[in-house]
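J.: The structure's right below; bear with me while I get my questions together.
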Amino acid sequence: MSYLTLSLALIFVLIPIILSKTLHLGLEKDTVSATVRSIIQLLAVGYILQFVFDSEHIIYIILMILLMIIAATQNARKKGASIKGITWKLVATYVFVEILTQGILLGFNITPATAQYIIPISGMMIGNSMVLSILFLNRFTSEVEANQDETELILSLGGTPKQAIHRQLITSIQASTIPTIESQKTIGLVQLPGMMSGQIMAGADPVQAVQFQLLILFLLLTAAVVTSAMLGFLSYPSLFNERMQMLKIRRKDELNSH
Amino acid sequence: MTITYNPIIELSNVNFSDRGVPILKNITGSFPEGRITTLVGPSGAGKTTLFRLCNGLISPDSGEIIIKEKAIETYDPTELRRKVGIALQSATMISGSVYKNLSLPLSLQGKQLAKERAIELLNDVGLDEELLHRNVKDLSGGQRQKVSIARTLVNQPKVLLLDEITSSLDRVSQQDIEELIGKVNKKYGTTILWITHNLEQALTIGDYTWVMMAGEVIETGESSLLNHPTDERVKRFIRGDME
Ligand SMILES: Nc1ncnc2c1ncn2[C@@H]1O[C@H](COP(=O)(O)OP(=O)(O)OP(=O)(O)O)[C@@H](O)[C@H]1O
Ligand SMILES: [Mg+2]
């Protein structure tokens, strides 16, 4: 595709802007900023990838992955601001997911150890892990806040913090991973996954594209469950002190005022 | 007036505040072992907060709390909370059946509550045994209070902190509960601390009484003090000018 044909694609940006104006949806500003950001970010990534692929140096690969982890952490940490040390808990989770998935992929020679494979797969894993951690943190903080009475009851009867928060923890892990699991049940029937579609359009053999997509789906499943569970078990202890007392959770409105 | 007794809980200069707002100010005093002490005072006086301190749900900003001659911090929190049991003002339930709620104190320790014992507890608080498998969300406020009391008794605490446990009960049920608590007190020597808004109840069931206001203890002594208070604020409170 040439840049000229790509610029024609901007028509698809104009349509929502015109609609937004006529219907007073107020989405113009966000649409424009989203468009500009996606152009700049993706083009930058494209050139960086080209550079990394050409140099084939492990340092650049690691650097790119670290960058992804930092960006994902930046994005997700706001959702868990009421949890002490959430930044490091997120970093630990993303690093673990990355090492686990790449370890298995490379260890069993499922994918070749080249930047061309490692980077896009890492991007998908960390990106998905980020979305999952946001889903989890959203749900967990609201579950904890809504069920403080129950937590306190269990503590007051001599339960441990883990027992006192167990139900909220499990509910939040389930709720955040269900969309990933559910979407896999209808995949291919309702929509073709973006990566597979891209590969097919780029001329790949559809069956091979499907095989690859399946691999990604299974990886995403692992990333989803591992992210929620690990983040959950890392997070809940910081809601309590060493006297097994529930710390006052700073409510969202209080946080925003600072 | 001097009272001589064995204190089971002693507080000295206990302060507690929330985000800079003082809630309990310099509380000093003690609760006699094996006796019933009632706590009265207007809403927001800090009575519930005092109970939460004694059960270890919160810790004071300063001051000392001694339980059975040992500083409260020296206890393992779970052990402390089983020994100093609390029936919360809100009578919070976990979702599920009455039985699940009654067994909670034991299931938290990986044990089971025998069905016969559960039925016995229901009878003790004046609930029909057919309620055992009823979902708690189908209970009335009063029934919940009774389940909450029964549940607190499961741990067989040495000290019972009862926070407004009869506020939603009819007169007969209220008397049943008073009788039950009296029996627990006599039979097991359990120390009872009982917060109530009902001054008549505070007078009749209490051996001793604390009157609290605005985070302070205003008067303590034998419960008959409610008949002849000395402090002007207490007089007004008893006449009903406050709240
Ligand atoms: N968790 C909390 N966070 C902040 N403030 C609290 C909290 N619990 C109680 N307070 C405040 O502490 C003060 C004392 O509350 P407490 O519940 O101890 O009073 P109380 O004597 O039990 O009142 P009532 O008779 O209405 O139950 C009140 O001003 C209340 O607003
Ligand atoms: Mg109260």
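The values are calculated or read from the model by the stated rules, or taken from the named source; none is laboratory data. Keep in mind that what you see is a predicted model, and the values were worked out from it rather than measured. As a convention, Cβ positions derive from the backbone with ideal geometry for all residues, glycine included, and neighbour counts pool all protein chains shown. Ligands, DNA and RNA are stripped out before the accessible areas are found, and what is left, the full protein with its side chains, is counted by its heavy atoms. Shrake-Rupley method; radii C 1.70, N 1.55, O 1.52, S 1.80 Å.
J.: Using a basic spin-label model with each label point 7 Å from the Cα along Cα→Cβ, how many nm lie between B:D170 and A:I39?
T.: About 7.6 nm, to one decimal.
J.: Charges at C-beta only: +1 for Lys and Arg, -1 for Asp and Glu. How large is the resulting dipole of the protein assembly as shown about its Cα centre, in Debye rounded to 20?
T.: 560 debye
J.: Now for a separate question. Note the angle between two axes, namely the Cα long axis of helix A:11-23 and the longest principal axis of the Cα atoms of chain A, as a number of degrees from 0 to 90, rounded to the nearest 10.
T.: Long axis of A:11-23 versus the principal axis of chain A: about 50 degrees.
J.: Under a 10 Å cutoff between Cα atoms, tell me which one of B:R19, B:R117, B:R35 has the largest fluctuation in the Gaussian network model of chain B.
T.: Of B:R19, B:R117, B:R35, the most mobile in the Gaussian network model is B:R19.
J.: On to the next question. Lysine pairs in the range A:57-256 8 or more apart or on different chains: how many have alpha carbons under 23 angstrom apart?
T.: Total qualifying Lys-Lys pairs in the range A:57-256 comes to 14.
J.: Here is a further query. Peptides B:225-236, A:32-43: what's the order by average Cβ count within 10 Å, highest mean first?
T.: On the way: B:225-236: 14.2, A:32-43: 11.4.
The packing order, highest mean first, is B:225-236, A:32-43.
J.: To the nearest 20 Debye, how big is the dipole of chain B about its Cα centre, given +1 on the beta carbon of each Lys and Arg and -1 on that of each Asp and Glu?
T.: 560 debye
J.: Which far-off residues, 5 or more places away or on another chain, put their amide H under 5 Å from the one on B:M213, with H placed in the peptide plane?
T.: B:I218
J.: If you don't mind, another one. For a quick check, take a GNM of chain A with Cα springs below 10 Å and name the residue from A:I118, A:I178, A:I18 with the largest mean-square fluctuation.
T.: Ranking A:I118, A:I178, A:I18 by mean-square fluctuation puts A:I18 first.
J.: Which of the chymotrypsin sites (Phe, Trp or Tyr not before Pro) across the range A:65-131 are loop residues per DSSP, with 12 or fewer other Cβ within 10 Å?
T.: Passing both the DSSP loop test and the Cβ count: A:F108.
J.: For the Cα atoms of chain B, what angle does the longest principal axis make with the long axis of helix B:115-124, in degrees from 0 to 90, nearest 10?
T.: On a 0 to 90 degree scale, this one is about 50.
J.: Please report how far the C-alpha centroid of the range B:23-94 lies from that of the range B:112-150, rounded to the nearest whole angstrom.
T.: If we compute the Cα centre of each part, the gap is 26 Å.
J.: Which three semi-axes in whole Å describe the equivalent ellipsoid of the protein assembly as shown, each the square root of 5 times a Cα gyration tensor eigenvalue, listed largest first? Write down the numbers at each step before the final one.
T.: Details: eigenvalues 735, 119, 95 Å².
After scaling each eigenvalue by five and taking roots: 61, 24, 22 Å.
J.: Which value at 222 nm does chain A reach when only helices count, each DSSP H run of 4 or more adding -39,500 (n - 2.57), with the total divided by all residues and rounded to the nearest 500 deg cm²/dmol?
T.: -26000 deg cm²/dmol
J.: Using the heavy atoms of the protein chains and a 1.4 angstrom probe, tell me the accessible area per residue for the range A:1-55 in square angstrom. The partial results should precede the final answer.
T.: Working: 4590 Å² over 55 residues.
Result: 83 Å² of accessible area for each residue.
J.: Nearest-5 percent of antiparallel DSSP beta bridges in chain B? Walk me through the intermediate numbers first.
T.: On the way: 22 of 39 bridges.
Rounded to the nearest five, the antiparallel share is 55 percent.
J.: Now, a different point. Across the residues of A:147-155, average count of Cβ atoms on other protein chains within 10 Å?
T.: 5
J.: Another one. Accessible area per residue for the range B:136-227 in Å², computed with a 1.4 Å probe and the full protein assembly in place, what is it?
T.: Per-residue value: 40 Å².
J.: Near B:K187, which lysines are there with a Cα under 24 Å away, not counting those fewer than 8 places off in the same chain?
T.: Cross-link targets: B:K68, B:K83, B:K115, B:K146, B:K158.
J.: Could you give the accessible area per residue of the range B:1-135, probe 1.4 Å, as a whole number in Å²?
T.: 45 Å²
J.: Can you give me the distance in nm between label points at B:H228 and B:K137, each placed 7 Å from the Cα along the Cα-to-Cβ direction?
T.: 5.5 nm
J.: State the answer as a single residue: which of B:Q143, B:I72, B:S62 lies farthest towards the positive end of the charge dipole of the range B:42-188, with beta carbon charges of +1 for Lys and Arg and -1 for Asp and Glu, about the Cα centre.
T.: B:I72
J.: Can you sort A:M1, A:M201 by solvent-accessible area, 1.4 Å probe, largest first?
T.: The ranking, largest first, comes out as A:M1, A:M201.
J.: Does chain B come out rounded, prolate or oblate by the C-alpha gyration tensor, with a ≥ b ≥ c the root eigenvalues, rounded set by a/c under 1.5 and, if not, prolate when a/b is larger than b/c and oblate if not?
T.: It comes out prolate by the Cα gyration axes.
J.: Can you sort B:T209, A:T222 by 1.4 Å-probe accessible area, starting with the largest?
T.: Largest accessible area first, the list is A:T222, B:T209.
J.: For chain A, which whole percent of the accessible surface, found with a 1.4 angstrom probe, sits on carbon and sulfur atoms?
T.: 68 percent
J.: Taking only Cα atoms and a 10 Å spring cutoff, compute GNM fluctuations for chain B and point out the largest among B:G142, B:G56, B:G96.
T.: B:G96
J.: On to the next question. Rounded to the nearest 5, what % of the DSSP beta bridges within the protein assembly as shown are antiparallel ones?
T.: Values: 23 of 40 bridges.
If we restrict to bridges inside the protein assembly as shown, about 60 percent are antiparallel.
J.: Can you pull the percent of the range B:19-173's accessible area that's carbon plus sulfur, 1.4 Å probe, other chains left in place? Intermediate results must be reported in sequence, preceding the final value.
T.: Values: 3000 of 6510 Å².
Roughly 46 percent, rounded to a whole number.
J.: So what's the angle, to the nearest 10 degrees on a 0 to 90 scale, between helix A:58-77 and the longest Cα principal axis of chain A?
T.: Helix A:58-77 sits roughly 50 degrees off the main axis of chain A.
J.: Okay, next question. Could you tell me the center-to-center distance, by alpha carbons, between the range A:17-87 and the range B:172-242 in angstrom?
T.: Between the Cα centre of the range A:17-87 and that of the range B:172-242, the gap is 64 Å.
J.: Am I reading the B/A interface right? What is its buried accessible area, both sides, 1.4 Å probe, to the nearest 100 Å²?
T.: 2000 Å²
J.: Rounded to the nearest 20 Debye, what is the dipole magnitude of the range A:57-256 about its Cα centre when Lys and Arg each give +1 and Asp and Glu each give -1 at the C-beta?
T.: 380 debye
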